[in-house]
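Heads up, the thing below is written out as structure tokens.
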Amino acid sequence: MARNICADCRQCRREGQKLFLKGERCVSKKCAMERRPVPPGMHAMARRKNSEYNMQLREKQKVKRAYGVLEKQFREYYEKGVAQKGVTGENMLAMLEKRLDNVVYRMGIGASRKMSRQIVNHGHILVNGKRVDIPSYQVKLGDEITIKETSRDNALFKELRGAKIVMPKWVTFDTENFVGKIVDNPKRDDIDLNINEQLIVELYSK
């Protein structure tokens, strides 16, 4: 299976903003963006032409890296967004938000999307009572997300019990019973990353 093996902190530095790829480290003083907020490489400080294409490309790369998807899959989200009614860019972002690994992250079960992807891959998550180990699985309104009974004694999840988690209003998660639910569809305002999706639409529509 293809995957991005580039160092997480290097990706944030390349895009010039925090993508929250390493969980708690991203909000600590150890964050690479706090210590060295310049692009990686020996020519990082060299003057670069900020063309229209470069801005569009960087925006696309930023979103791909934030959600942990590769080019082929990302392009499919765009094409599905075009086929749906409504604004293409917002449709695309909504599908990225409704990925199971992102939902697990938004509910606070995983500290980062990468950790949440691993949690899903290892079969710790149930959707409507059925084990789902596909990170790209698209959740639907009303779906119930739970941590598998036999996994709840795992040290990774013990810390969740009773914790207060800040999450977007379209999901809920009961940290006492390890049960979450999709109560609404994600709206554009629910996405906290600094994204200009119109630049991505312009890039792909050429």
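Quick notes
- The largest-to-smallest principal axis extents of the Cα set in the range 47-142 are 50, 34, 21 Å.
- Per residue value of the accessible surface for the range 111-206 (all protein chains in place, 1.4 Å probe), Å²: 57
- Placing pseudo-labels 7 Å out from each Cα toward the beta carbon at V166 and K140 gives an inter-label distance of 3.3 nm.
- Based on the Stokes-Einstein relation at 25 °C and a viscosity of 0.890 mPa s, and on the Kirkwood radius from alpha carbon pairs, the range 90-171 is assigned a translational diffusion coefficient of 191 µm²/s.
The values are calculated or read from the model by the stated rules, or taken from the named source; none is laboratory data. Treat the numbers as computed from the prediction; the structure is a model and nothing was measured. Quick reminder, even Gly has a Cβ in these numbers, built from the backbone with ideal geometry, and neighbours come from all protein chains shown. Please note that ligands, DNA and RNA were not included when accessible areas were found on the heavy atoms of the full protein model with its side chains. Shrake-Rupley method; radii C 1.70, N 1.55, O 1.52, S 1.80 Å.
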